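The values are calculated or read from the model by the stated rules, or taken from the named source; none is laboratory data. Not measured: the values here are computed from a predicted model. Here the Cβ positions follow ideal geometry from the backbone for every residue, glycine too, while neighbour counts run over all protein chains shown. Just so you know, the surface numbers come from the protein's heavy atoms only, side chains and all, with ligands and any DNA or RNA stripped out. Shrake-Rupley method; radii C 1.70, N 1.55, O 1.52, S 1.80 Å.
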Amino acid sequence: METVTAKSTNVQYKSRSLAAETWRRLRKNKGAVAGMVFIVILVIATIVSGFIYDYETDIIGQNISERFTPPGLKYPFGTDQVGRNIFTRIIYGARYSLTISVGAVAIGLVVGVLFGSIAGFYGGLVDDLIMRVNDVLYAIPNIMIAVVVVSLFGTSTFNLLLALSINAATSFARIARASVMTLRGEEYIEASYAIGLPQWKIILKHIVPNCLSPIIVQTTLLIGTTIIAASSLSFLGIGIPAPAPEWGAMLSEGRDYMRSAGYICVIPGLAIMVTVLALNLLGDGLRDALDPKLKK
Amino acid sequence: MKENILEIKDLVVHYETDEGCVRAVNNVSFSIGKKTILGLVGETGAGKTTTALSILNLVPNPPGVIKNGSIILNGVDVLTLPENKLQEVRGKDVAMIFQDPMTALNPVMTIGEQIAESIMLHGEKDKEKALARAKEMLEHVGIAASRSGDYPHQLSGGMRQRVVIAIALACNPRLLIADEPTTALDVTIQAQILELIKELNRKFDTSMLLITHDLGVVAEVCDEVAVMYAGRIVEWGTADEVFNHTLHPYTEGLFNSLPNLRKRGEDLVPIKGMMPDPMNLPEGCAFAPRCPYAVPQCEKEVPELIKRGTHLVACRAYEDGNFKLRRNSNG
Amino acid sequence: MDNKEKDILLEVRDLKKYFDTPKGKLHAVDGVTFTVERGKTLGIVGESGCGKSTTGRCILKLIEPTSGKIIYNGEDITNYSSRKMRKLRTEMQMIFQDPFSSLDPRQTVMQAICEPIYEHKLIRGKKEVEKRALELMETVGLAPRLINTYPHELDGGRRQRIGIARALALNPKLVICDEPVSALDVSIQAQILNLMKQLQKELGLTYVFITHDLSVVKYFSDEIAVMYLGQLVEKAPSDELFERPLHPYTQKLLSAIPLPIVGKKKPERSLIKGEITSPVNLPDECRFNKRCDFRSEVCLKGNPQLQEISPNHFVACSRVHELM
């Protein structure tokens with residue numbers, strides 16, 4: 001059935017999906033590309049390090065004779081107060097920051113977008129109820145919620161994840177609600193009603209996918225802030241317990257040696273900073289890459 | 001020989017985008033005489049707005065680039081002027097009004113203040129005098145002077161467009177460019193605004209470039225008509241010449257598409273196909289793929305403008321002196 | 001009105017839709033009554049704020065009417081729940097005005113056209129559904145190679161064809177067209193109008209054609225109803241309305257159309273004065289009286305109702321007999 005019904009012009013319609021368009025635009029943003037590359041390398045490195053290194057000997061094994069070695073050829077980041085290789089610990093330790101933050105943000109995304117969409121779509125009393133609860137949780141600092149959850153339910157990775165996901169959820173709920181409220185009035189939503197689609201299908205099929213842009217951007221930014229939050233908790237001693245090479249914990253341990261072997265403390269701090277910076281650059285780049293599409 | 005307020009020669013404007021070069025305006029030349037209203041007609045993508053923006057050198061750059069051409073206004077080539085001299089020209093010698101009256105006005109200034117602002121930008125230092133003149137302008141456009149303290153949101157669409165016209169004419173420009181000024185308005189309000197435009201043209205001797213896709217509006221208001229297609233002028237003449245002695249096949253096609261010239265029950269005769277993508281213009285005449293009179297030669301070379309007195313047409317067919325469109329053959 | 005002789009598909013009786021605003025009740029639609037015969041086209045014209053779009057949406061129950069009756073094919077659907085309406089949706093469809101915003105930007109052409117078919121399970125099996133979609137595309141003049149393109153890659157004319165294909169996918173009997181060609185260029189308008197006419201002939205469709213463009217509606221409709229501030233002021237067969245407009249507003253409206261004629265005899269244009277009044281808290285008088293050249297005492301005494309002046313020609317004007 002390859003009949004061409006209209007004598008059309010010479011233009012070839014390139015079937016470029018919105019994802020491909022976004023990717024093309026993103027590639028041009030040097031900062032975003034740098035951020036992306038960094039994150040990818042970090043993820044690969046931390047996964048590989050799990051196979052290469054043995055946890056007991058390489059990561060937490062103490063080597064007193066080599067302690068306080070400053071960064072050099074043998075030990076790129078030096079050794080800490082009990083002789084552990086800071087470089088391998090940093091690389092290995094990335095997994096804690098990444099899994100906790102990605103996990104927390106993922107849970108927060110699902111819960112937050114769900115409630116935010118419902119609030120935005122139905123409005124009225126439902127909206128008020130959901131958003132007031134959201135506002136209360138949003139107002140309480142991330143760390144405090146985490147402290148409360150951890151002190152009530154104990155310090156396990158899971159509990160940490162849950163505690164940090166609350167903050168993410170409140171952010172997503174707000175964004176989802178705003179997007180849904182904007183889209184609710186769009187003509188294609190009205191057209192979906194005219195076709196006979198039930199409300200839940202309209203929300204899932206037509207509204208949520210069109211809110212994705214701000215949500216994607218927020219995801220990368222939230223992963224960054226959650227990494228900092230998780231590290232802060234470990235720094236305070238409520239997060240991942242020592243001797244695990246969680247960056248915040250390493251920072252905390254290194255405090256005592258600021259004067260004599262500052263690198264023990266500074267390097268984990270730098271690791272946190274650079275990772276969050278990479279995520280922010282990526283997030284900014286995504287926002288710019290997705291925006292022109294929205295304007296169209 | 002009428003004195004020309006505006007003369008455009010060989011204007012070429014392209015937009016350099018990532019996806020390619022959009023050839024928006026390709027070798028456009030026309031002129032507007034004193035007190036004349038010229039209608040620039042064409043469909044979306046024909047290049048009308050880009051042409052208008054070029055006159056004030058307002059084409060966004062990037063990505064727009066004026067590659068060639070001269071625009072002579074009051075004896076000076078606008079395209080060679082530095083920004084500060086241009087600002088003196090804008091608003092004073094040439095004023096422009098746009099399509100959407102809802103967004104053309106500043107919502108936090110009264111309408112009197114907005115008109116006065118334009119007056120003060122171009123010479124009048126005394127605010128009181130400017131406001132007084134603003135009230136005069138409101139009366140000219142049919143709004144009571146007592147409303148000069150109103151804010152835009154208190155006015156309807158038609159009234160806002162009147163205010164926009166008042167701002168444009170406040171400094172008595174020699175040329176007014178109106179880009180689809182009535183498209184967003186209801187038909188009865190449109191009729192009022194068109195009457196107003198005609199009246200102001202009589203009163204103030206202002207020449208006008210009226211950009212529109214509506215041939216009815218053109219017939220109502222314009223003295224001369226230029227038809228644009230794919231960035232070129234394909235026909236130019238007086239309103240009587242273009243409407244009653246149409247020359248270009250595209251213009252004929254436009255008339256055939258109009259429902260109000262047809263009897264109910266008769267099929268409309270639309271022009272088949274679509275205007276070519278300005279990033280991918282064909283080699284020869286841009287209209288040839290859709291033209292019922294095309295011959296193979298048409299696709300090879302871009303036709304030059306052929307003169308028939310004051311009536312110009314860009315179509316090879318007229319190299320044969322006897323060629324006539326079907327529209328004209330049937331009387 | 002002799003309903004037995006005519007085959008009436010849609011009847012609207014005293015339809016009202018009011019909105020609550022901070023300033024008071026907005027009378028968007030205020031007592032509209034009309035019928036539409038099967039296979040014919042009713043044009044509803046009016047300017048912004050007259051309530052024509054709201055009327056169209058009430059007919060399809062996209063907006064719930066405040067009062068009045070909507071009777072489709074003999075069934076009173078006014079109070080039907082959304083579940084009951086679901087079945088009827090296959091019979092009543094809408095073509096929207098803005099081809100730029102009435103399509104989900106994330107759906108390809110194929111997905112957009114197949115969606116209604118899947119939703120109502122009219123055809124089973126992916127292959128069969130897609131085959132039907134291709135048929136529809138051919139019917140509306142969309143090239144098959146466009147199946148995986150997105151709306152933003154296409155021009156207005158093609159987008160509107162997608163909208164039409166979607167509306168037709170369910171084999172409707174009644175199609176409400178809300179300014180279907182207003183956003184399109186003149187030459188594309190002509191293509192789409194021809195297509196819609198052809199489809200009406202082939203499929204026996206009944207149209208309600210809502211527009212502000214009088215030249216288009218004359219060409220397209222069998223009957224025309226003119227609305228002003230939520231009410232019908234005149235209703236007549238198409239040719240009759242243009243030859244003998246009786247309501248002062250209709251006269252002004254017709255006079256305002258800029259005709260693309262130069263030099264030859266053109267009717268004198270008579271301009272309407274003033275601006276439209278606010279549809280909130282309307283007094284009980286003729287709503288057009290403040291702008292009417294013929295206003296008099298009687299116009300302030302209550303809102304005139306539609307009267308049949310000549311066969312099938314209805315006018316709502318207190319002075320119509322004097323002015324004729």
Open item on the list: Looking at the structure I just gave you, is B:GLY69 crowded, with 17+ Cβ neighbours inside 10 Å, at pLDDT 80 or above and touching a helix residue (DSSP H, G or I) at 6+ places or on another chain (Cβ under 8 Å)?
Closed with: yes
TODO: Please enumerate the residues belonging to region C:55-88 that are within 13 Å of another protein chain (Cβ to nearest Cβ) and of a type in the set (Ser, Thr, Tyr).
DONE: C:TYR80, C:SER81, C:SER82
Task: Residue within region C:268-281 that is aliphatic (A, V, I, L, M), in a loop (DSSP other than H, G, I, E, B), under 18 Å from the mean Cα position of the chain (by Cα) and closer than 29 Å to C:PRO22 by Cβ present - done: no
- [ ] Kindly check whether there is at least one residue in region A:184-202 that is away from every other protein chain (no Cβ under 12 Å) and within 25 Å of the chain's Cα centre (by Cα).
- [x] no
TODO: Go through (1) touching a strand residue (DSSP E or B) at 6+ places or on another chain (Cβ under 6 Å); (2) outside any strand (DSSP E or B) and name the single condition B:MET208 misses.
DONE: (2)
- [ ] Check every one of the strands (runs of 3 or more DSSP E) wholly within region C:1-71 and list those with 3 or more residues that are in contact with a Pro (Cβ under 7 Å, 6 or more places away or on another chain) and farther than 20 Å from C:TYR207 by Cα.
- [x] C:24-37
Open item on the list: I'd like the full set of residues that are at the interface with another protein chain (Cβ under 7 Å from one of its Cβ atoms), of a type in the set (S, T, N, Q) and in contact with an Asp or Glu (Cβ under 7 Å, 6 or more places away or on another chain), limited to region C:89-119.
Closed with: C:SER101, C:SER102
Open item on the list: Going by what's in this entry, would C:GLN97 be described as buried (at least 19 other Cβ atoms within 10 Å of the Cβ), in a strand (DSSP E or B) and either modelled with pLDDT under 90 or among the polar types (S, T, N, Q) (or both)?
Closed with: no
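Under the condition of being part of a strand (DSSP E or B) and more than 11 Å from chain A (Cβ to nearest Cβ), which residue from region C:122-178 is nearest to the chain's Cα centre (by Cα)?
C:CYS177
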Open item on the list: Out of everything in region B:145-165 that is within 12 Å of another protein chain (Cβ to nearest Cβ) and among the hydrophobic types (A, V, I, L, M, F, W, C), what residue ends up being surrounded by the fewest Cβ atoms within 10 Å (Cβ to Cβ)?
Closed with: B:LEU155
Open item on the list: I'd like the full set of residues that are within 14 Å of chain B (Cβ to nearest Cβ) and open to solvent by 50 Å² or more (accessible area, probe 1.4 Å), limited to region C:291-306.
Closed with: C:ASP293
- [ ] Give the residue, chosen from C:LYS61, C:LYS23, C:LYS16, C:LYS69, that is open to solvent by less than 50 Å² (accessible area, probe 1.4 Å) and charged (D, E, K, R).
- [x] C:LYS61
Task: Residue in region A:43-76 that is surrounded by the most Cβ atoms within 10 Å (Cβ to Cβ), counting only those that are touching a residue at least 60 places away in the same chain (Cβ under 8 Å) and within 28 Å of A:SER101 (Cα to Cα) - done: A:ILE59
Task: So C:ILE261, is it within 14 Å of another protein chain (Cβ to nearest Cβ), touching a residue at least 12 places away in the same chain (Cβ under 8 Å), over 22 Å from C:GLY56 (Cβ atoms) and of a type in the set (Val, Ile, Thr) - done: no
Task: Check on C:MET137, in contact with a Gly (Cβ under 8 Å, 6 or more places away or on another chain) and open to solvent by less than 10 Å² (accessible area, probe 1.4 Å) - done: no
Open item on the list: Would you confirm, using the coordinates I've provided, whether C:ASN148 is touching a residue at least 12 places away in the same chain (Cβ under 8 Å), more than 30 Å from C:ALA316 (Cα to Cα), in contact with a Leu (Cβ under 9 Å, 6 or more places away or on another chain) and open to solvent by 10 Å² or more (accessible area, probe 1.4 Å)?
Closed with: no
Open item on the list: Looking at region C:179-187, can you tell me whether even one residue there is closer than 20 Å to B:LEU268 by Cα, within 13 Å of chain B (Cβ to nearest Cβ), open to solvent by 10 Å² or more (accessible area, probe 1.4 Å) and of a type in the set (Val, Ile, Thr)?
Closed with: yes
TODO: Tell me, please, whether a residue that is hydroxyl-bearing (Ser, Thr, Tyr) and either touching a residue at least 40 places away in the same chain (Cβ under 8 Å) or in a loop (DSSP other than H, G, I, E, B) (or both) can be found in region C:185-203.
DONE: no
TODO: Give me the pairs, please: first residue somewhere in region A:176-190 and in contact (Cβ under 8 Å) with a residue 12 or more places away in the chain and buried (at least 22 other Cβ atoms within 10 Å of the Cβ), second residue anywhere and assigned to a helix (DSSP H, G or I) and hydroxyl-bearing (Ser, Thr, Tyr), beta-carbon distance under 9 Å, and either six or more positions apart or on two chains.
DONE: A:ALA176/A:SER117; A:ARG177/A:SER117; A:SER179/A:SER117; A:SER179/A:SER213; A:VAL180/A:SER117
Open item on the list: Being open to solvent by 60 Å² or more (accessible area, probe 1.4 Å) and of a type in the set (Val, Ile, Thr) is the filter here; which residues of region B:91-113 pass it?
Closed with: B:THR103, B:VAL108
TODO: Identify, from the list C:LEU241, C:LEU246, the residue that is more than 14 Å from chain B (Cβ to nearest Cβ), open to solvent by less than 50 Å² (accessible area, probe 1.4 Å) and either among the hydrophobic types (A, V, I, L, M, F, W, C) or outside any loop (DSSP other than H, G, I, E, B) (or both).
DONE: C:LEU246
Task: Residue list for region A:126-152, restricted to those being assigned to a helix (DSSP H, G or I) and either in contact with a strand residue (DSSP E or B) (Cβ under 7 Å, 6 or more places away or on another chain) or farther than 16 Å from A:ALA173 by Cα (or both) - done: A:ILE143, A:MET144, A:ILE145, A:ALA146, A:VAL147, A:VAL148, A:VAL149, A:VAL150, A:SER151, A:LEU152
Task: Complete set of residues in region A:56-100 that are of a type in the set (Lys, Arg) and under 15 Å from A:GLY269 (Cα atoms) - done: A:ARG89
Task: Any chance A:ILE203 is open to solvent by less than 40 Å² (accessible area, probe 1.4 Å), assigned to a helix (DSSP H, G or I) and under 26 Å from C:LYS87 (Cβ atoms) - done: yes
Task: Test: B:THR36 is touching a Phe, Trp or Tyr at 6+ places or on another chain (Cβ under 9 Å) and buried (at least 18 other Cβ atoms within 10 Å of the Cβ) - done: no
